[in-house]
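Comments concern the structure below.
The values are calculated or read from the model by the stated rules, or taken from the named source; none is laboratory data. For clarity, every value in this text was computed on a predicted model and none was experimentally measured. Because the Cβ atoms are built from the backbone with ideal geometry, glycine has one as well, and the counts that use them run over all protein chains shown.
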């Protein structure tokens, strides 16, 4: 069994009312390159800062080599950080920046000289010792920041979006160099980024985070090929995410066709989400191989491949990537390998809300009075199930019972699946054909259709 | 024509502003006892001033010494206090930060005479015997906000991560403060120090009310008393000229520093 250098257990942190980390548990193997990946605001930087000791967790422990480091201040932790905006000391030259940590530790001068030279060589900045850090370019400053951290020979190197401020070409070069440095040094790297491609390139293990929770932990290949939920599938790479139904083991239906797949154990006739990567839908000219037909809607050259949108004969839109272009308007025959279909449990089938009956026409939910006909006594505590299709979004926030903001949008081939955050921070999910943008302010209303109401007392009995 | 008018206007303005100063400076080079009558060029008054060979020479030199000592002490302490306060204010958020910034600004707009009288009443109330200490305390009080105001922009421009970066590299909070934060804030602290020093130098009202009855005089109170006793001692003319030159040099230094800092930031 491999040794865990860092073990994080049930870590939580709130800033004011906002929970930024919610029960995070995770371990890091010695010597591994692990990446915390997620959109901005997902809590990844907070987690990194807690490991570094700049922030204290509200709950949970961080073990390093089996010992709780809660009481250890940052300057005594055997780890070093590379900051997003470098955080070099402007009043010191390159040499003194790098020697900063060594001098504090009263390292002998000849030893400092030797080590500074060695790391400067490692980051390919050997002739820059006497330069003022402010005269260096962004990429050079980043190299010095890395050198300043690794010269102290930390057990763990924390990197907070170190390449985010560099241009694309420089970023690609630095990725390769970082990977090479990791191999040479044998230090554990904990890397934070929102760039999924960077994470896939660099990491041994990726931790995908969203809204303060870990979504999935796995190798880049696992995360890409077998995302556990729609968020991961959407965030990592391009994907077609579709509503489906598991007919039985190894047989799934979506886009109104049935396909063989390799997934088992979902049960029979169960609603699921299906992910098919755009490069996994193949064109064929052999009618025997063809699983469904479609018409090419658009075709864009992307450098290595062409990106095409097709309309299936059953009315769904799919994205396909292929090395060969097909003319817009042409009828094509398509098939998908059973291996390439990723079936995922649905996270939820409807919105389940708790509320109180106000009168026979009104139920109070999420702090708003929704007109829902019911046959319960006023004051009854109820659980209300609202189907995705029964949530209505309105342009004017005043027209809704509640107001909120469009938080996350997922295209599912023939409709959009939206996550809306109410002003109080509750989430609602809905299906719609209307086009909204992330961040749109909306009014929220329920259609009194398909809504199920249960009394809480009934449930208890 | 328009340009000519604009130029004339600015020259008239400048002449009006600087005439009194030039007047004093010119008449510091003549020996006449009465201001305004020219009795030929002489540097005699400067000589008297430097050798102390003059009427009331000893108290005048004592006043100069007091002024400098008080200004130095007040500027040093308020630089320290102001820097700490600025760091504190910078780390606050939202309404608290706004409130404290406002509270910091009010004493600066507050008329000196009110600051002076209220400090006088406070010292009386606390049974402080008035003298050097109370004057220095009073000067610290009105100098500190200026230091806060000159350190805050440095903090705002600073990369907030450099302090934690120092901790991360093994510095204790104290070392991080000394080795990283203070060197970073130094330009602001020096500007604040110079500002506090000049504010203290030219203060009259606050000093007048807090110096007590032990006969403590700074330059401004000395000149005030001297002028009331009947006529200005002639040697004060070269003295005022010199003070003006010192202030002028300090102001130029502050402005040059500011310009250099701005250039440096623009380059970044």
In the set A:308, A:319, A:333, the lone residue that is surrounded by 14 or more Cβ atoms within 10 Å (Cβ to Cβ), part of a strand (DSSP E or B) and touching a helix residue (DSSP H, G or I) at 6+ places or on another chain (Cβ under 7 Å) is A:319
Okay, helices (runs of 4 or more DSSP H) sitting entirely in the stretch B:117-223 with 3 or more residues that are touching a helix residue (DSSP H, G or I) at 6+ places or on another chain (Cβ under 6 Å) and within 10 Å of chain A (Cβ to nearest Cβ), I get B:161-168
Flag if residue A:163 is out of contact with any helix residue (DSSP H, G or I) (no Cβ under 7 Å at 6 or more places or on another chain), under 17 Å from residue A:85 (Cβ atoms) and crowded, with 22+ Cβ neighbours inside 10 Å:
no
Which condition does residue B:204 not pass, out of (1) surrounded by fewer than 22 Cβ atoms within 10 Å (Cβ to Cβ); (2) farther than 30 Å from residue B:241 by Cβ, if it passes all the others?
(2)
Evaluate the following for residue B:49: is it closer than 12 Å to residue B:234 by Cα and more than 27 Å from the chain's Cα centre (by Cα)?
no
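For (1) touching a residue at least 24 places away in the same chain (Cβ under 8 Å); (2) over 23 Å from the mean Cα position of the chain (by Cα), each residue gets a yes or a no:
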site	(1), (2)
A:393	yes, yes
A:400	yes, yes
A:405	yes, no
A:421	no, no
A:429	yes, no
Condition test on residue B:241, is it over 20 Å from residue B:51 (Cα atoms), at pLDDT 80 or above, touching a helix residue (DSSP H, G or I) at 6+ places or on another chain (Cβ under 9 Å) and not in a loop (DSSP other than H, G, I, E, B)?
no
Being in a helix (DSSP H, G or I), closer than 30 Å to residue B:29 by Cβ and modelled with pLDDT of 90 or more is the requirement here; does residue B:45 meet it?
no
How many of the residues making up the stretch A:258-311 are in contact (Cβ under 8 Å) with a residue 40 or more places away in the chain and farther than 24 Å from residue A:225 by Cα?
5
Counting only strands (runs of 3 or more DSSP E) wholly inside the stretch A:113-231, the ones holding at least 2 residues that are over 30 Å from residue A:339 (Cβ atoms) are A:156-160, A:188-193
Tell me yes or no: at least one residue of the stretch A:101-111 is facing chain B (nearest Cβ under 8 Å), at pLDDT below 90 and either under 29 Å from residue A:4 (Cβ atoms) or not in a helix (DSSP H, G or I) (or both).
no
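Yes/no matrix, rows are residues, columns are (1) under 17 Å from residue A:205 (Cα atoms); (2) more than 14 Å from chain B (Cβ to nearest Cβ); (3) out of contact with any strand residue (DSSP E or B) (no Cβ under 7 Å at 6 or more places or on another chain); (4) surrounded by fewer than 19 Cβ atoms within 10 Å (Cβ to Cβ):
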site	(1), (2), (3), (4)
A:29	yes, yes, no, yes
A:36	yes, yes, no, no
A:43	no, yes, no, no
A:46	no, no, no, no
A:50	no, no, no, no
A:59	no, yes, no, yes
Would you confirm whether or not the stretch A:117-131 contains a residue that is touching a helix residue (DSSP H, G or I) at 6+ places or on another chain (Cβ under 8 Å), modelled with pLDDT under 90 and within 12 Å of another protein chain (Cβ to nearest Cβ)?
no
